[in-house]
Amino acid sequence: MKELLDAAKANRIPLQRILIRERTEVHVIPVDRIDYFESQDDYVAVRCRERSYLKEQPLGELEGQLDARMFVRIHRRYILNLSRLAKIELGITENRIAFLRDGTQLPISRTGHARLKELL
């Protein structure tokens, strides 16, 4: 059974678009336009350059659907689009901070930093 699940994961196609329902509208957002995802309890805030959307889905579930070469979980609350990363700085208390191209700052956990180092 585990072999079947591993094979299915290896053959899955990552999300190309995210659908977000907002009242009577459904927004179709290409994943390459997304800056980062932020966990907000049972919801995920999808942050794009122009605005933010709220999607009812746990962050962990969404993480499994994304392209791991393009998105990395840098903190328990954040998944970052690597193409938006401008720099990483060491914070005051030995914490690391991700700076996005638009100036947004996101915290990076130790585990998240290790994941980033693997991909960069």
When the stretch 30-51 is checked residue by residue, the ones that are in contact with a Leu (Cβ under 8 Å, 6 or more places away or on another chain) and among the hydrophobic types (A, V, I, L, M, F, W, C) are Val31, Phe37, Val44, Ala45, Val46
Going through the stretch 35-46 in order, the residues found to be closer than 15 Å to Leu19 by Cα and either in a helix (DSSP H, G or I) or without any contact (Cβ under 8 Å) to a residue 40 or more places away in the chain (or both) are Tyr43, Val44, Ala45, Val46
Residue set Leu5, Leu19; condition over 12 Å from the mean Cα position of the chain (by Cα), exposed (fewer than 14 other Cβ atoms within 10 Å of the Cβ), at pLDDT 90 or above and hydrophobic (A, V, I, L, M, F, W, C); output residue Leu19
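A quick yes/no check of all residues on (1) touching a Lys or Arg at 6+ places or on another chain (Cβ under 8 Å); (2) touching a residue at least 40 places away in the same chain (Cβ under 8 Å); (3) of a type outside the set (Lys, Arg):
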| position | (1), (2), (3) |
| --- | --- |
| Val26 | no, no, yes |
| Pro30 | yes, no, yes |
| Arg73 | yes, yes, no |
| Tyr78 | no, yes, yes |
| Arg84 | yes, yes, no |
| Ile108 | yes, no, yes |
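Quick one: in the stretch 64-80, of everything that is of a type in the set (D, E, K, R) and out of contact with any Ser or Thr (no Cβ under 6 Å at 6 or more places or on another chain), which residue is surrounded by the most Cβ atoms within 10 Å (Cβ to Cβ)?
Among those residues, the one meeting the criterion is Arg73.
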Is it the case that the stretch 91-99 has a residue that's touching a helix residue (DSSP H, G or I) at 6+ places or on another chain (Cβ under 8 Å), closer than 15 Å to Ser39 by Cα and not aliphatic (A, V, I, L, M)? no
Those residues of the stretch 38-92 which are hydroxyl-bearing (Ser, Thr, Tyr) and within 10 Å of the chain's Cα centre (by Cα) amount to Ser39, Tyr78
Here the residues within the stretch 22-63 that are surrounded by fewer than 15 Cβ atoms within 10 Å (Cβ to Cβ), at pLDDT 90 or above, of a type in the set (D, E, K, R) and under 12 Å from Asn81 (Cβ atoms) are Asp32, Arg33
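The values are calculated or read from the model by the stated rules, or taken from the named source; none is laboratory data. None of these values were measured; they are calculated from a predicted model. In this analysis, Cβ positions are derived from the backbone assuming ideal geometry, glycine residues included, and neighbour counts consider all displayed protein chains.
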